[in-house]
Amino acid sequence: MNSLFPVITVLLVLLMLPPLYRVIKGPTLFDRVIAAGLMGTLGVLILLVLGFSYHRPEMFIDLAIAYVLLNFIGTIAVGKYLERHRGETRQ
């Protein structure tokens, strides 16, 4: 079972590549925000897999919960900001 954790971690890191591309080359700002949120979610999954591989899931679950809350609040804050400033022109 322990040999499965590095494989899962590598797969999760590989799953972070398409959203990373979307963060860099996203056609709109909304695409970039959603991709950054997805990368944060995958980062939480990596934290949880690391916690189980080090046999300390309780410590890593606490870190993952804090990280998920920051990710969620950040995404909501950016979305609200973009919604308020939608009609403004760039200068």
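Have a look at Leu82, Leu17, Phe52 and report the one farthest towards the positive end of the charge dipole of the chain, computed about the Cα centre with Cβ charges (Lys/Arg +1, Asp/Glu -1). The residue sitting farthest along the positive end of the dipole is Leu82.
Write out the chymotrypsin sites (Phe, Trp or Tyr not before Pro) in the stretch 1-54 meeting two conditions: DSSP loop, and at most 13 other Cβ atoms within 10 Å of their Cβ.
Numbers: sites: Tyr21, Phe30, Phe52, Tyr54; in loops: Tyr54.
Listed in order of number, the matching sites are Tyr54.
With a 1.4 Å probe and every protein chain left in place, work out the accessible area per residue of the stretch 15-91 in Å², rounded to a whole number. Can you show the working numbers first?
Details: 5830 Å² over 77 residues.
Per-residue accessible area for the stretch 15-91 comes out at 76 Å².
Using C-alpha pairs below 8 Å separated by at least 6 residues, the relative contact order for the chain is 26 percent.
Among Thr28, Thr75, Thr41, the residue with the largest mean-square fluctuation in a Gaussian network model of the chain, with springs joining Cα atoms closer than 10 Å, is Thr28. Labels on offer are [x] 44; [y] 51; [z] 58, and the one holding percent of Cα pairs over 17 Å apart computed from this structure is [z]. In the Gaussian network model of the chain, springs joining C-alpha atoms below 10 Å, which of Met16, Met39, Met59 carries the largest mean-square fluctuation? Per the Cα network of the chain with a 10 Å cutoff, Met59 tops the list. Normalised by the number of residues in the stretch 15-67, the average gap of Cα pairs under 8 Å and 6 or more apart makes the relative contact order 27 percent.
Just how large is the dipole of the chain about the Cα centre, in debye to the nearest 20, putting +1 at every Lys and Arg Cβ and -1 at every Asp and Glu Cβ? Walk me through the numbers on the way to the answer.
On the way: 8 positive and 5 negative charges, 75 e Å.
Charge dipole, the chain, about its Cα centre: 360 debye, nearest 20.
Only helices at least 18 Å long along their own axis, judged from Cα atoms, and with Kyte-Doolittle mean hydropathy of 1.6 or greater: name those in the chain from DSSP H. Write out the running numbers ahead of the final one.
On the way: long enough: 29-53 (36 Å, 1.93); 57-84 (40 Å, 0.94).
Length and hydropathy pass: 29-53.
With 0.36 nm allotted per residue and the present C-alpha distance subtracted, the Leu69-His85 stretch has 3.3 nm of extension available.
The values are calculated or read from the model by the stated rules, or taken from the named source; none is laboratory data. Just so it is clear, the structure is predicted and the values come from calculations on it, not from any experiment. Because the Cβ atoms are built from the backbone with ideal geometry, glycine has one as well, and the counts that use them run over all protein chains shown. We work out accessible area using only protein heavy atoms, side chains counted, and drop any ligands, DNA or RNA first. Shrake-Rupley method; radii C 1.70, N 1.55, O 1.52, S 1.80 Å.
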